[in-house]
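The values are calculated or read from the model by the stated rules, or taken from the named source; none is laboratory data. Fair warning: this is a prediction, and the values are worked out from it, not measured in the lab. Every residue, glycine as well, gets a Cβ built from its backbone with ideal geometry; the counts of neighbours run over all protein chains shown.
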Amino acid sequence: MPQVSVKMLVIGGACAIAAGVLALHGQQAAAQSKPLAVVAVDIDIVPGQIDNYLSAIKENGAAAVKEPGCREFNISVSEKDPNHVLLFEVYEDAAALEAHRATDHFKKYAAATKDMVAKRDLRMFSSVAFNMKRK
């Protein structure tokens with residue numbers, strides 16, 4: 001009879017550990033299920049300044065994705081208009097976006113490009129779903 005009790009204790013302990021792991025995964029999924037802050041920025045660059053602008057925004061973007069609250073920082077150039085840039089940024093929340101805007105690298109980018117930007121249209125979104133293929 002004592003062997004049965006030990007087996008029951010081992011099985012019960014394993015079930016408790018499994019339940020704890022599942023609960024932890026559930027909490028992580030719940031924590032990530034809140035909408036992310038998504039920023040889409042259409043930018044028209046002054047003709048002749050695109051190379052300088054791209055250099056500055058690439059530096060800013062590379063630093064941004066090292067921030068704890070930044071998930072993505074994508075930079076694209078229009079195929080129809082080489083002076084038109086689209087930024088697509090994803091942050092954990094609005095606070096992470098504000099933290100990004102307070103960084104030295106963002107302030108450096110903003111100062112360096114202020115005379116390169118002819119027009120800027122910033123739009124804020126909340127995520128609904130992201131579908132990405134993993135390599």
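Scanning for something surrounded by 13 or more Cβ atoms within 10 Å (Cβ to Cβ), over 16 Å from the mean Cα position of the chain (by Cα) and either hydrophobic (A, V, I, L, M, F, W, C) or part of a strand (DSSP E or B) (or both), does the stretch 79-98 turn up at least one residue? So far as the stretch 79-98 goes, yes, one or more of its residues are surrounded by 13 or more Cβ atoms within 10 Å (Cβ to Cβ), over 16 Å from the mean Cα position of the chain (by Cα) and either hydrophobic (A, V, I, L, M, F, W, C) or part of a strand (DSSP E or B) (or both).
Does Ala96 qualify as being closer than 25 Å to Ser33 by Cβ, touching a residue at least 40 places away in the same chain (Cβ under 8 Å) and out of contact with any helix residue (DSSP H, G or I) (no Cβ under 6 Å at 6 or more places or on another chain)? Judged against the criteria, Ala96 is a match. Does Arg101 satisfy the criteria of being surrounded by fewer than 16 Cβ atoms within 10 Å (Cβ to Cβ) and outside the structural domain of Ala56 (by TED's automatic domain parsing)? So Arg101 does not fit the description; no.
Within the stretch 117-132, the set of residues being touching a strand residue (DSSP E or B) at 6+ places or on another chain (Cβ under 9 Å) and of a type in the set (Gly, Ala, Ser) comprises Ala118, Ser126, Ser127. Within the stretch 100-135, the set of residues being outside any helix (DSSP H, G or I) and among the hydroxyl-bearing types (Ser, Thr, Tyr) comprises Thr103, Ser126, Ser127.
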